[in-house]
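Report on one structure; see the data block that follows.
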C-alpha cells in the first residue's frame, strides 16, 4: 500500500508539470504551415511584428545560436555580402537568436550588417519554431523561407553558415518561378 501511495504522489507531481511539457517538446514546423506570428525586439530595441511582413514580399528567418561566435559571424557576414541577391528576389532577411538587444546591436555594428537582427532572450520564438536546443536557451542553426502570406515554403535544418545566404537566394528564385 505504501508503494501505491508513493506512486500516486509521484504521478500527481508529474501532472503539475504538464503545462511546461508542450513547450519543451515543441516540434519543428513543416513546409506548408502558417508561420507562427510573434513580436520581439530588434537590435535597436524597436518592436518587430511578423504580421507586418504580410504582403510585403518574402521573409527569410534564420535562427542562429550566439552572436559573435565563429559560425554565427560567418553566416551573418555571408548574408551581409549577399543581401542584394536576396533582396533582388523580393525578400528581406531577419536573423534571430536568444542574445539580448545590446549584444545584437554590437554584433550588427561591428560587422556592418545591413539587415535586421531579432532578440528572443526568453527563447519563446525559438521554441515555437521548434529550433530550441535541448537544455540550452539557444537556437539551432535553421533557416525558414516564408512567402508573402507568411506560409512556410522552405526549411533548412542542415545549414552551412558560409553558403546559407547564396543558397537562400537561389531557393527564393526557384520558389517564385513555381506556379
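No lab work stands behind these numbers, since they all come straight from the coordinates. All figures in this text were calculated on a predicted structure; none of them were measured in a lab. All Cβ positions, even for glycine, are placed from backbone atoms using ideal geometry, and neighbour counts span all protein chains on display.
What to note about this one:
- Under 19 Å from the residue 55 label point (7 Å along Cα→beta-carbon), backbone N, the range 118-161: 146-152
- Relative contact order of the range 2-177: 30 percent, from C-alpha pairs under 8 Å at least 6 residues apart in sequence.
- Annotation: peptides 63-70, 51-58, 138-145, ranked by per-residue average of other Cβ atoms within 10 Å with the highest first, follow the order 138-145, 63-70, 51-58.
- For the range 84-102 and the range 24-72, distance of Cα centres in Å: 9
- Residues 81, 120 arranged by fewest to most Cβ contacts within 10 Å: 81, 120
- Between residue 158 and residue 81, the modelled label-to-label distance comes to 2.4 nm, taking each label 7 Å out from Cα in the direction of the beta carbon.
- Fewest neighbouring Cβ atoms within 10 Å first, the residues 50, 61, 37 line up as 37, 50, 61.
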